[in-house]
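Asks: Got a structure for you, questions after.
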Amino acid sequence: MPTDEKSLPFSGLSRRNFLKTVGAGAAATGLVREVADTPVAEAASDVQGPGEVSITLNINGTAENVSVEPRVTLLDALRNRMDHTGSKKVCDRGTCGACTVLVDGHPAYACSMLAVEAEGREITTVEGLGTPEEMHAVQAAFVEHDAQQCGFCTPGFIVASAALLKTNPNPTEADINDALGGNLCRCGTYANMSAAIMDAAKALKGGA
(Lines give C-alpha, C1' and ligand atoms only; values in the text may rest on other atoms or scores of the structure.)
Protein backbone atom coordinates (compact mmCIF):
# COMPACT_ATOMS: atom_id res chain seq x y z
CA MET A 1 0.00 0.00 0.00
CA PRO A 2 1.44 3.48 -0.86
CA THR A 3 2.66 5.61 1.98
CA ASP A 4 -0.03 8.24 1.63
CA GLU A 5 -2.75 5.63 2.02
CA LYS A 6 -1.46 4.42 5.41
CA SER A 7 -3.79 5.21 8.24
CA LEU A 8 -2.69 7.76 10.83
CA PRO A 9 -2.26 6.33 14.34
CA PHE A 10 -5.55 6.15 16.29
CA SER A 11 -7.39 8.30 13.71
CA GLY A 12 -9.01 5.78 11.38
CA LEU A 13 -8.23 8.17 8.48
CA SER A 14 -5.84 7.68 5.61
CA ARG A 15 -3.25 10.43 5.08
CA ARG A 16 -4.85 11.35 1.78
CA ASN A 17 -8.31 11.73 3.39
CA PHE A 18 -6.78 13.60 6.32
CA LEU A 19 -5.14 16.15 3.99
CA LYS A 20 -8.37 16.54 2.03
CA THR A 21 -10.32 17.16 5.26
CA VAL A 22 -7.81 19.69 6.58
CA GLY A 23 -7.75 21.55 3.27
CA ALA A 24 -11.55 21.75 3.08
CA GLY A 25 -11.76 22.88 6.71
CA ALA A 26 -9.19 25.63 6.17
CA ALA A 27 -11.04 26.90 3.13
CA ALA A 28 -14.37 26.84 4.97
CA THR A 29 -12.86 28.65 7.98
CA GLY A 30 -11.53 31.39 5.76
CA LEU A 31 -14.91 31.76 4.08
CA VAL A 32 -16.81 31.90 7.37
CA ARG A 33 -14.36 34.44 8.77
CA GLU A 34 -14.71 36.62 5.69
CA VAL A 35 -18.52 36.50 5.80
CA ALA A 36 -18.74 37.01 9.58
CA ASP A 37 -16.28 39.89 9.81
CA THR A 38 -18.17 42.12 7.40
CA PRO A 39 -21.49 42.53 9.25
CA VAL A 40 -19.74 42.87 12.62
CA ALA A 41 -17.65 45.74 11.30
CA GLU A 42 -20.68 47.38 9.69
CA ALA A 43 -22.82 46.99 12.83
CA ALA A 44 -20.16 48.27 15.23
CA SER A 45 -21.56 51.79 15.10
CA ASP A 46 -25.00 50.50 16.25
CA VAL A 47 -23.70 48.92 19.48
CA GLN A 48 -25.09 50.54 22.64
CA GLY A 49 -23.45 50.51 26.04
CA PRO A 50 -21.93 49.56 28.31
CA GLY A 51 -22.62 53.07 29.58
CA GLU A 52 -26.02 54.70 29.89
CA VAL A 53 -28.11 55.53 26.83
CA SER A 54 -31.06 57.89 26.61
CA ILE A 55 -34.42 56.34 25.75
CA THR A 56 -38.05 57.46 25.78
CA LEU A 57 -40.68 55.20 27.32
CA ASN A 58 -44.42 55.68 26.88
CA ILE A 59 -45.78 54.94 30.34
CA ASN A 60 -49.48 55.25 31.12
CA GLY A 61 -49.95 57.50 28.12
CA THR A 62 -47.06 59.84 28.89
CA ALA A 63 -43.68 59.93 27.14
CA GLU A 64 -40.89 59.94 29.72
CA ASN A 65 -37.16 60.23 29.07
CA VAL A 66 -34.70 58.17 31.06
CA SER A 67 -31.00 57.25 30.85
CA VAL A 68 -30.19 53.62 31.57
CA GLU A 69 -27.52 51.07 30.82
CA PRO A 70 -28.74 48.62 28.15
CA ARG A 71 -28.64 45.82 30.75
CA VAL A 72 -31.25 47.50 33.00
CA THR A 73 -34.62 45.77 33.09
CA LEU A 74 -37.88 47.57 32.53
CA LEU A 75 -38.80 46.85 36.15
CA ASP A 76 -35.67 48.48 37.53
CA ALA A 77 -36.09 51.46 35.22
CA LEU A 78 -39.70 51.93 36.34
CA ARG A 79 -38.99 51.58 40.04
CA ASN A 80 -35.51 53.07 40.47
CA ARG A 81 -35.29 55.66 37.71
CA MET A 82 -38.86 56.77 37.02
CA ASP A 83 -40.67 56.46 40.38
CA HIS A 84 -43.35 54.05 39.13
CA THR A 85 -43.21 51.76 42.15
CA GLY A 86 -46.55 49.98 41.75
CA SER A 87 -44.91 47.06 39.98
CA LYS A 88 -43.21 45.01 42.70
CA LYS A 89 -39.79 43.37 42.60
CA VAL A 90 -40.22 40.04 44.34
CA CYS A 91 -38.65 37.00 42.68
CA ASP A 92 -36.84 38.95 39.91
CA ARG A 93 -36.82 35.69 37.94
CA GLY A 94 -39.98 35.89 35.82
CA THR A 95 -41.84 33.49 38.09
CA CYS A 96 -44.12 35.24 40.58
CA GLY A 97 -45.81 37.85 38.37
CA ALA A 98 -45.68 40.67 40.95
CA CYS A 99 -43.99 42.90 38.37
CA THR A 100 -46.63 42.35 35.65
CA VAL A 101 -47.28 45.33 33.39
CA LEU A 102 -49.10 45.67 30.08
CA VAL A 103 -46.95 46.07 26.99
CA ASP A 104 -49.06 47.01 23.98
CA GLY A 105 -52.04 45.68 25.92
CA HIS A 106 -50.54 42.29 26.75
CA PRO A 107 -49.34 41.16 30.22
CA ALA A 108 -45.55 40.96 30.51
CA TYR A 109 -43.04 40.41 33.29
CA ALA A 110 -41.21 43.73 33.64
CA CYS A 111 -38.28 41.96 35.33
CA SER A 112 -37.69 39.87 32.19
CA MET A 113 -37.72 42.70 29.65
CA LEU A 114 -34.96 45.22 29.06
CA ALA A 115 -35.92 48.87 29.27
CA VAL A 116 -34.38 49.52 25.85
CA GLU A 117 -36.64 46.81 24.40
CA ALA A 118 -39.70 48.68 25.66
CA GLU A 119 -38.93 51.87 23.76
CA GLY A 120 -41.69 52.63 21.29
CA ARG A 121 -44.17 50.34 23.09
CA GLU A 122 -47.27 51.29 25.09
CA ILE A 123 -46.57 50.45 28.74
CA THR A 124 -49.32 50.41 31.35
CA THR A 125 -48.54 49.90 35.02
CA VAL A 126 -51.03 49.42 37.84
CA GLU A 127 -50.91 53.20 38.43
CA GLY A 128 -52.24 53.68 34.90
CA LEU A 129 -55.36 51.57 35.48
CA GLY A 130 -56.95 53.78 38.12
CA THR A 131 -56.42 56.08 41.07
CA PRO A 132 -57.63 55.86 44.69
CA GLU A 133 -60.30 58.39 43.73
CA GLU A 134 -61.27 56.64 40.47
CA MET A 135 -60.40 52.99 40.74
CA HIS A 136 -60.56 50.52 37.88
CA ALA A 137 -63.38 48.00 38.33
CA VAL A 138 -60.83 45.28 39.16
CA GLN A 139 -59.18 47.45 41.80
CA ALA A 140 -62.52 48.26 43.41
CA ALA A 141 -63.54 44.61 43.39
CA PHE A 142 -60.25 43.54 45.00
CA VAL A 143 -60.94 45.99 47.83
CA GLU A 144 -64.54 44.84 48.20
CA HIS A 145 -63.60 41.16 48.36
CA ASP A 146 -60.47 41.65 50.50
CA ALA A 147 -58.52 39.93 47.74
CA GLN A 148 -55.13 40.97 49.09
CA GLN A 149 -53.22 40.44 52.30
CA CYS A 150 -49.53 41.39 52.28
CA GLY A 151 -50.11 43.25 49.00
CA PHE A 152 -46.88 42.41 47.16
CA CYS A 153 -48.60 40.24 44.55
CA THR A 154 -51.68 42.46 44.22
CA PRO A 155 -50.49 44.89 41.51
CA GLY A 156 -49.49 42.05 39.20
CA PHE A 157 -52.81 40.25 39.73
CA ILE A 158 -54.79 43.43 39.08
CA VAL A 159 -52.92 44.20 35.86
CA ALA A 160 -53.26 40.61 34.61
CA SER A 161 -56.95 40.57 35.56
CA ALA A 162 -57.63 43.83 33.73
CA ALA A 163 -55.96 42.37 30.64
CA LEU A 164 -58.14 39.26 30.91
CA LEU A 165 -61.39 41.22 31.10
CA LYS A 166 -60.36 43.34 28.13
CA THR A 167 -60.10 40.27 25.90
CA ASN A 168 -62.66 38.09 27.68
CA PRO A 169 -65.38 40.23 29.29
CA ASN A 170 -67.34 37.25 30.61
CA PRO A 171 -64.76 34.73 31.89
CA THR A 172 -65.43 31.44 33.59
CA GLU A 173 -63.55 30.36 36.69
CA ALA A 174 -61.40 28.15 34.46
CA ASP A 175 -60.62 31.16 32.25
CA ILE A 176 -59.53 33.13 35.31
CA ASN A 177 -57.32 30.34 36.58
CA ASP A 178 -55.70 30.02 33.18
CA ALA A 179 -55.15 33.77 32.70
CA LEU A 180 -53.63 34.19 36.17
CA GLY A 181 -51.50 31.06 36.01
CA GLY A 182 -48.36 33.18 35.75
CA ASN A 183 -49.06 35.02 39.02
CA LEU A 184 -48.41 33.59 42.49
CA CYS A 185 -49.99 34.56 45.82
CA ARG A 186 -48.19 33.16 48.85
CA CYS A 187 -51.00 34.39 51.12
CA GLY A 188 -53.37 32.09 49.22
CA THR A 189 -56.23 34.52 48.53
CA TYR A 190 -57.02 32.94 45.16
CA ALA A 191 -60.71 32.32 45.96
CA ASN A 192 -61.25 35.98 46.89
CA MET A 193 -59.45 37.12 43.76
CA SER A 194 -61.60 34.91 41.56
CA ALA A 195 -64.77 36.31 43.14
CA ALA A 196 -63.44 39.85 42.70
CA ILE A 197 -62.78 39.31 39.01
CA MET A 198 -66.25 37.87 38.49
CA ASP A 199 -67.76 40.98 40.10
CA ALA A 200 -65.47 43.25 38.11
CA ALA A 201 -66.69 41.58 34.92
CA LYS A 202 -70.27 42.41 35.91
CA ALA A 203 -69.31 45.99 36.74
CA LEU A 204 -67.76 46.33 33.31
CA LYS A 205 -71.04 45.08 31.80
CA GLY A 206 -69.43 41.87 30.58
CA GLY A 207 -70.84 39.55 33.21
CA ALA A 208 -74.20 37.86 33.24
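Asks: Taking only the alpha-carbon atoms of region 85-157, what semi-axes of the equivalent ellipsoid follow from 5 times the gyration tensor eigenvalues under a square root, in whole Å, largest first?
Replies: Details: eigenvalues 98, 48, 14 Å².
In descending order the semi-axes read 22, 15, 8 Å.
Asks: Find the Rg to Rh ratio for region 138-198, where Rh is the Kirkwood radius over alpha-carbon pairs and Rg uses the same atoms. Walk me through the intermediate numbers first.
Replies: Values: Rg = 10.2 Å, Rh = 11.2 Å.
That ratio equals 0.91.
Asks: Using the per-residue mean of other Cβ atoms lying within 10 Å as a proxy for protection, in what order, highest first, do the peptides 125-136, 98-109 fall? Spell out each step's value before the answer.
Replies: On the way: 125-136: 15.8, 98-109: 21.4.
By packing density, highest mean first, the sequence is 98-109, 125-136.
Asks: Which number comes out as Rg/Rh for region 58-208 once both Rg and the Kirkwood Rh are worked out on C-alpha atoms?
Replies: Here Rg/Rh amounts to 0.96.
Asks: Additional query: Order 72-78, 61-67, 153-159 from most to least packed using the mean count of other Cβ atoms within 10 Å. Could the numbers behind the result be given before it?
Replies: Values: 72-78: 23.9, 61-67: 11.7, 153-159: 25.9.
Highest-to-lowest ranking by the protection proxy: 153-159, 72-78, 61-67.
Asks: Follow-up question, since we're still on this one. With every protein chain left in place and a probe of 1.4 Å, what is the accessible surface of D92, to the nearest 10 Å²?
Replies: Roughly 50 Å² of D92 is accessible to a 1.4 Å probe.
Asks: Would you please give the FRET efficiency between E144 and K166, computed as 1/(1 + (r/R0)^6) with r the Cβ-Cβ distance and R0 = 22 Å, to the nearest 0.05?
Replies: On the way: r = 20 Å, r/R0 = 0.92.
Result of the calculation: an efficiency of 0.60.
Asks: Right, next: Summing +1 for each Lys or Arg and -1 for each Asp or Glu, what net charge is found among the other residues whose Cβ lies under 14 Å from the Cβ of D199?
Replies: On the way: positive: K202, K205; negative: E144, D146, E173.
Charge balance in the 14 Å sphere: -1.
Asks: Run the numbers on region 62-208 and let me know its relative contact order in percent, using alpha-carbon pairs under 8 Å that are six or more apart.
Replies: Once normalised by length, the contact order is 25 percent.
The values are calculated or read from the model by the stated rules, or taken from the named source; none is laboratory data. Since the model is a prediction, treat every value here as computed from it, not as a measurement. Note that we place each Cβ from the backbone using ideal geometry, even for glycine, and neighbour counts take in every protein chain shown. Just so you know, the surface numbers come from the protein's heavy atoms only, side chains and all, with ligands and any DNA or RNA stripped out. Shrake-Rupley method; radii C 1.70, N 1.55, O 1.52, S 1.80 Å.
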